[in-house]
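Engineer: Pasting in a structure now, in structure tokens, and then I'll have a few things to ask.
Please treat every number below as a calculation from the coordinates, not as lab data. What you see is a predicted model; the values in this text were computed from it and never measured. So basically every Cβ, Gly included, is an ideal-geometry build from the backbone, and we count neighbours across all protein chains shown.
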There are 2 protein chains.
Amino acid sequence: MLKNRVSIVAVGTELTTGFVRDTNMYYLTRALDDLGLEVCSATMLPDDHALMRSVITEAMQRSQVVLVTGGLGPTEDDFTKEVLLDLFGGEYREDEKTLERIKELLARRNLPLTEINRRQAFVPSSAEVLPNAFGMAPATLFHYDGGILVSMPGVPSEMRGIFETELRPRLAAWTGQIKHKQLYVFGVAESILSARLRSWSTALPQGMALAYLPSMGNVCLRISYNLALVSQDVTSEHLHTLYTLLEGEKILETNLSFPAYIVQTLTRIGKTLAVAESCTGGLVSGKITSVSGASKVFCGGICTYTDTLKERELRIPKTLLEKYTAVSTPVAEAMARAVREKFGSTYGVATTGYMEMEGGANVTGEVYIGIADAQTVSAHHFILNQNRIGNQEWSVERAITQFLLTLLD
Amino acid sequence: MLKNRVSIVAVGTELTTGFVRDTNMYYLTRALDDLGLEVCSATMLPDDHALMRSVITEAMQRSQVVLVTGGLGPTEDDFTKEVLLDLFGGEYREDEKTLERIKELLARRNLPLTEINRRQAFVPSSAEVLPNAFGMAPATLFHYDGGILVSMPGVPSEMRGIFETELRPRLAAWTGQIKHKQLYVFGVAESILSARLRSWSTALPQGMALAYLPSMGNVCLRISYNLALVSQDVTSEHLHTLYTLLEGEKILETNLSFPAYIVQTLTRIGKTLAVAESCTGGLVSGKITSVSGASKVFCGGICTYTDTLKERELRIPKTLLEKYTAVSTPVAEAMARAVREKFGSTYGVATTGYMEMEGGANVTGEVYIGIADAQTVSAHHFILNQNRIGNQEWSVERAITQFLLTLLD
């Protein structure tokens with residue numbers, strides 16, 4: 001068992017069959033990373049007693065904190081409590097406060113208290129109860145050999161609520177010494193970057209580490225340092241050398257996501273954005289508006305899927321569409337210009353492309369990103385070679401990244 | 001080791017820190033479920049040699065197929081090959097075909113062949129090489145005690161390409177006997193449904209199983225049956241009883257996702273859709289346009305974030321906005337009506353709400369969904385009580401589900 005190491009176990013056949021896409025593991029990995037805790041495994045399991053027992057046991061062997069989500073529902077395919085009773089011993093007891101809360105929730109919805117509901121108030125006597133302010137099943141906390149295991153409901157809102165109110169404060173008390181710095185390098189291949197930084201990274205002292213996190217058109221260098229093992233001065237010195245090695249490259253240092261960085265930057269400089277989407281169908285707007293505070297800088301978006309709509313809503317000249325087709329540099333630029341005028345924003349971003357073999361497509365995944373402000377306009381062409389979903393996701397990433405690069409200039 | 005059981009191991013610190021959201025495990029769980037294979041664990045791991053070794057060993061013990069993604073990059077924090085060499089023995093050999101392909105890919109980008117690139121052509125001699133048509137690092141296949149382990153690159157497009165061309169055909173040859181049926185029940189709580197179906201589900205024969213997959217406003221009953229263990233006749237008889245037990249409820253039988261079902265239905269009945277979004281910022285359009293063939297039924301979308309835009313782009317009367325505010329039944333209905341006129345579609349769907357405590361919000365997460373066709377219009381109000389991201393995701397789900405219900409009527 002290693003100190004500050006966490007394992008996550010997400011229980012539910014809906015996850016292992018892909019019926020539902022995981023959100024809890026994703027949420028927890030980010031939250032734990034923020035706290036400076038290392039996730040050493042995150043496992044999805046079906047609702048299967050024997051599998052849960054062995055995977056949870058393995059997780060306890062390798063980590064100091066085990067977070068289990070799911071398997072606490074009222075139906076007969078939910079086993080988490082049984083498994084934990086098995087592992088930690090004790091017997092079921094009825095938790096009074098939980099029962100009160102269940103009665104109250106049911107009363108609010110005018111539902112009777114059934115035997116099945118009542119069972120949700122039963123908890124293993126070996127556990128401490130953590131209240132669930134957002135639902136019926138409470139979380140439970142167990143101790144083992146220097147570590148803790150916490151079982152939480154799988155409903156994302158309930159899990160998040162319990163994590164934020166009950167767990168984050170406890171876990172924060174353990175750590176606070178591990179820091180991260182994210183340095184994005186644009187337009188350099190990972191293999192070239194890694195060759196250039198190899199002697200630097202292999203000479204890093206104990207307590208300092210580099211990870212390469214490559215994405216579309218950039219590589220994020222993620223430098224972690226543990227201030228209990230390496231001083232701030234030594235850290236700064238190594239970082240300084242890294243900056244020297246990256247001189248001349250386009251870089252961005254931020255721990256924010258790109259959409260959050262865009263919203264923050266636009267807010268700071270007092271500028272605004274509007275988006276016209278063809279092939280990305282609203283997903284670029286969606287990324288921007290997912291950021292808290294986006295309403296102050298995002299003027300609006302329009303999804304003009306057809307040529308007719310491009311003409312009518314964005315006043316793209318028919319002649320332009322006929323001469324170059326909708327998937328072209330002139331149309332991407334015209335859309336970017338038109339949308340900033342339509343919505344009265346500083347910047348306009350536009351996407352147009354073929355996401356699969358259709359219409360005039362020659363390759364699978366061709367996209368033009370148009371970007372305009374009052375003075376300038378540009379278009380950027382990418383061939384993505386994915387399937388439909390992949391092409392759309394990558395087009396969104398490309399549009400966001402390209403606009404970010406514009407803001408950096 | 002159990003027959004037809006698969007474990008997935010996704011390697012990468014970018015996953016366990018939440019820097020990148022997993023897509024490979026999600027893709028593979030769906031694909032394997034389609035094939036009738038049971039995923040008994042899906043684990044994300046950091047780039048850590050010892051952890052990879054122990055988790056991969058555990059996976060081989062519990063399943064007949066182990067799919068490993070990631071850790072094949074050219075940088076020094078990629079260890080998968082080393083770990084597999086350790087586990088399966090042998091030595092590195094240079095794979096000629098792979099080297100040729102790498103040279104070709106580099107030549108196309110006008111890049112020289114570096115030592116780091118060349119290393120990607122080295123494979124353990126104990127492995128069979130599966131070519132990677134979309135990138136540099138090939139996949140490798142190892143045999144163990146009646147099972148196979150396949151190591152694939154973590155880049156989603158490369159992983160998907162290799163899975164579809166090399167693995168799906170091999171795996172399909174093993175199965176084909178397990179079938180699934182999905183039955184959505186709307187507006188009944190999981191606990192009530194499970195009480196009603198308990199005697200039915202506990203009497204199911206060997207080879208037939210029921211899982212409850214609850215989501216927003218519906219519970220999906222997923223019935224799996226293995227035709228090697230239970231006959232088609234017996235299966236049909238039990239399904240018939242299930243339908244009788246559900247009489248009077250609003251149900252939908254489909255193995256499609258809701259957006260795919262909507263696109264399929266609109267195509268079949270020759271109707272079209274347009275979307276006006278305020279609080280969901282383009283994400284409803286995004287869900288619909290992610291479906292292949294959406295362009296035939298989706299006329300367009302607009303994201304009107306501000307009152308001014310609602311007035312100008314959708315001609316929502318100022319008086320209406322002043323009297324009821326933008327987050328109200330009359331405005332949701334007016335938006336739905338306006339957007340179907342604007343884009344000339346059969347149906348209009350609109351969203352307006354507060355995703356966090358802001359402006360006139362009294363609760364966190366309040367949304368109105370408006371739905372209009374030529375004759376009728378309706379609005380549906382929900383209080384979601386999530387954080388911003390959660391409220392937005394749930395609003396999107398609610399809009400999609402509500403429109404689906406309209407189509408079912």
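Engineer: If the cut-off is 25 Å between C-alpha atoms, which lysines fall inside it for residue A:81, apart from same-chain ones fewer than 8 positions away?
Structural biologist: Answer for residue A:81, where 25 Å is the Cα cut-off: A:97, A:103, listed by chain and number.
Engineer: Can you give me the angle between helix B:232-245 and the longest principal axis of chain B, using Cα atoms only, in degrees from 0 to 90, rounded to the nearest 10?
Structural biologist: 30 degrees
Engineer: Once Lys and Arg get +1 and Asp and Glu get -1 on their Cβ, which of B:15, B:35, B:85 lies farthest toward the positive end of the dipole of segment B:9-133?
Structural biologist: About the Cα centre, the residue reaching furthest to the positive side is B:35.
Engineer: Give the order of B:394, B:174 when sorted by the count of other beta carbons within 10 angstrom, beginning with the fewest.
Structural biologist: In order of increasing Cβ crowding within 10 Å: B:174, B:394.
Engineer: Can you classify segment A:16-101 as rounded, prolate or oblate using the Cα gyration tensor, where a ≥ b ≥ c are the square roots of its eigenvalues, rounded means a/c under 1.5, and otherwise it's prolate if a/b beats b/c and oblate if not?
Structural biologist: rounded
Engineer: Dipole of chain A, Cα-centred, from +1 at each Lys and Arg C-beta and -1 at each Asp and Glu C-beta, to the nearest 20 debye?
Structural biologist: Values: 38 positive and 45 negative charges, 231 e Å.
So the magnitude is around 1100 debye.
Engineer: If you look at just the Cα atoms of segment A:2-172, how large are its Rg and its Dmax in Å?
Structural biologist: 15.3, 48
Engineer: Please compute the alpha carbon radius of gyration of segment B:178-253, then divide it by the globular-protein estimate 2.2 N^0.38 Å. Two decimals is fine.
Structural biologist: 1.05
Engineer: Express in whole angstrom the spacing between the alpha-carbon centres of segment B:303-368 and segment A:371-409.
Structural biologist: 29 Å
Engineer: Whole Å is fine, so just give me how far the alpha carbon centre of segment A:110-176 lies from that of segment B:143-213.
Structural biologist: Comparing the Cα centres of segment A:110-176 and segment B:143-213, I get a distance of 29 Å.
Engineer: Sort B:345, A:278, A:257 so that the residue with the fewest other Cβ atoms within 10 Å of its own Cβ comes first and the one with the most comes last.
Structural biologist: A:257, B:345, A:278
Engineer: Give me the dipole magnitude in Debye, nearest 20, for segment A:178-253 about the Cα centre, with unit charges on the beta carbon: positive for Lys and Arg, negative for Asp and Glu.
Structural biologist: 160 debye
Engineer: Still on this structure, I have one more. For B:273, A:171, what ranking results if the residue with the fewest other Cβ atoms within 10 Å of its Cβ goes first?
Structural biologist: Details: B:273 26, A:171 23.
Ascending number of Cβ neighbours within 10 Å: A:171, B:273.
Engineer: A follow-up question, please. Going by alpha carbons, how many degrees (0 to 90, nearest 10) lie between the helix axis of A:24-34 and the longest principal axis of chain A?
Structural biologist: The angle comes out near 80 degrees.
Engineer: Just tell me how shielded A:270-281 is by partners: mean number of partner chain Cβ atoms within 10 Å of each residue's Cβ, no decimals.
Structural biologist: Mean inter-chain Cβ contacts per residue within 10 Å come to 3.
Engineer: Answer rounded, prolate or oblate for segment A:313-409, using the Cα gyration tensor with square roots of eigenvalues a ≥ b ≥ c: rounded when a/c is under 1.5, else prolate when a/b is larger than b/c, else oblate.
Structural biologist: Judged from the Cα gyration tensor, segment A:313-409 comes out oblate (a/c at least 1.5, b/c at or above a/b).
Engineer: May I pose another question? If the cut-off is 27 Å between C-alpha atoms, which lysines fall inside it for residue B:342, apart from same-chain ones fewer than 8 positions away?
Structural biologist: In chain and number order, the partners are A:287, A:296, A:310, A:318, A:323, A:342, B:271, B:287, B:296, B:310, B:318, B:323.
Engineer: So what is the 222 nm mean residue ellipticity for the protein assembly as shown from helices alone, if each DSSP H run of at least 4 adds -39500 (n - 2.57) and you divide by all residues, rounding to the nearest 500 deg cm²/dmol?
Structural biologist: Value at 222 nm, helices only, nearest 500: -12000 deg cm²/dmol.
Engineer: Next question, about the same structure. Calculate the dipole size of the protein assembly as shown relative to its Cα centre from +1 charges on Lys and Arg beta carbons and -1 charges on Asp and Glu beta carbons; express the result in debye to the nearest 20.
Structural biologist: Using Cβ point charges on Lys, Arg, Asp and Glu, the protein assembly as shown gives about 1760 debye.
Engineer: Given B:203, B:365, A:228, which one lies farthest toward the positive end of the charge dipole of the protein assembly as shown, if we put +1 on the Cβ of every Lys and Arg and -1 on the Cβ of every Asp and Glu?
Structural biologist: The Cα lying farthest towards the positive end belongs to B:365.
Engineer: Find out how many positive minus negative residues lie around residue B:208, taking Lys and Arg as positive, Asp and Glu as negative, among other residues whose Cβ is under 13 Å from that of residue B:208.
Structural biologist: Summing Lys and Arg as +1 and Asp and Glu as -1 gives +1.
Engineer: How tilted is helix B:49-62 with respect to the longest principal axis of chain B? Cα atoms for both, answer in degrees (0 to 90, nearest 10).
Structural biologist: Here the helix axis deviates by roughly 80 degrees.
Engineer: Could you work out the relative contact order of chain A? I mean the mean sequence separation of Cα pairs under 8 Å and 6+ apart, divided by the number of residues, in percent.
Structural biologist: 10 percent
Engineer: Also, quick follow-up: For residue A:354, what is the net charge nearby, where nearby means another residue's Cβ is under 11 Å from its Cβ and Lys, Arg count +1, Asp, Glu -1?
Structural biologist: Residues near residue A:354 contribute -2 overall.
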